[in-house]
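Just below is one structure, and these are the notes that go with it.
The values are calculated or read from the model by the stated rules, or taken from the named source; none is laboratory data. Because the structure is predicted, anything quoted here is derived from the model rather than measured. Here the Cβ is made from the backbone with ideal geometry for all residues, glycine too, and neighbour counts use every protein chain on show.
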Amino acid sequence: MSIKPLFLLATVSAAALLSACGAMTPMKPMTMYSQDTLPDAVKVPAGNKVALETVGVGEITYECRAKADSPGAFAWVFVGPQADLLSRSGSKLGTYFGPPATWAALDGSKITGTQLAVAPAGMGNIPSQLVKANPAVGSGAMSGITYIQRVATQGGVAPASMCDGGAVGRKEVVKYQADYIFWKAA
């Protein structure tokens, strides 16, 4: 084969490749988090801005207990969560555990908070939640956080299995996922 056909083949291949690249859609820039579609009860007040977005992936433990105010009645009671806090790209940034509800960054800073409101998040999902952050312990990612939102929840509701006198004390673990959005004063 002579050099001319090879040159022609290389030129046509390069042109086809450039044409294909030109038709590709450019990557969309990451959009700013918006709480526009959330119920008002779990919206963060004006004067705050998003400081960190995470995805919590983990589990919630429930225990079958007798109801104190209803003799002979039993219910699954929330014991506590254990989840990894991941970046949108999947890197581990910290953990979420409790009680008390604690968000801890890998840099050693951590916060607890007080629940202000919840809103339904669909059948089979724990509710969306708005939490007022307590002052951080340690300096780092959690320093200055004012609010935490739990949104986009998946799973995590109390078990559907029987909770009765024979099950008292039994614990069950339920998988869940939720976005935890951390806010600071603007």
Working only within region 82-111, note down all residues that are more than 19 Å from K175 (Cα to Cα), charged (D, E, K, R) and not in a loop (DSSP other than H, G, I, E, B).
-> K110
All but one of (1) modelled with pLDDT under 95; (2) of a type in the set (G, A, S); (3) under 14 Å from the mean Cα position of the chain (by Cα) hold for S91, so report the exception by its number.
-> (1)
Here is a list of conditions, (1) in a strand (DSSP E or B); (2) without any contact (Cβ under 8 Å) to a residue 12 or more places away in the chain, and S161 meets all of them except one; can you say which number that is?
-> (1)
Unique residue being aliphatic (A, V, I, L, M), in a strand (DSSP E or B) and within 18 Å of Y33 (Cα to Cα) when the list is A75, A51 = A51
Which pairs have Cβ atoms under 6 Å, sit 6 or more apart or on different chains, and link a residue in region 41-67 that is at negative phi and free of Cβ contacts under 8 Å to residues at least 24 places away in the same chain to one that is among the aliphatic types (A, V, I, L, M) and in a strand (DSSP E or B)?
-> K67/A75
Within region 164-173, the count of residues that are in contact (Cβ under 8 Å) with a residue 60 or more places away in the chain and in a loop (DSSP other than H, G, I, E, B) comes to 6
Of the residues in region 112-139, how many are within 30 Å of A160 (Cβ to Cβ) and either assigned to a loop (DSSP other than H, G, I, E, B) or of a type in the set (G, A, S) (or both)?
-> 11
So G155 fits all but one of (1) surrounded by 15 or more Cβ atoms within 10 Å (Cβ to Cβ); (2) out of contact with any Pro (no Cβ under 8 Å at 6 or more places or on another chain); (3) assigned to a strand (DSSP E or B); (4) of a type in the set (G, A, S); what number is the exception?
-> (1)
Pairs where the first residue, in region 128-151, is closer than 13 Å to K184 by Cα and among the aliphatic types (A, V, I, L, M) and the second is outside any loop (DSSP other than H, G, I, E, B) and modelled with pLDDT under 95, C-beta under 8 Å, 6+ apart | none
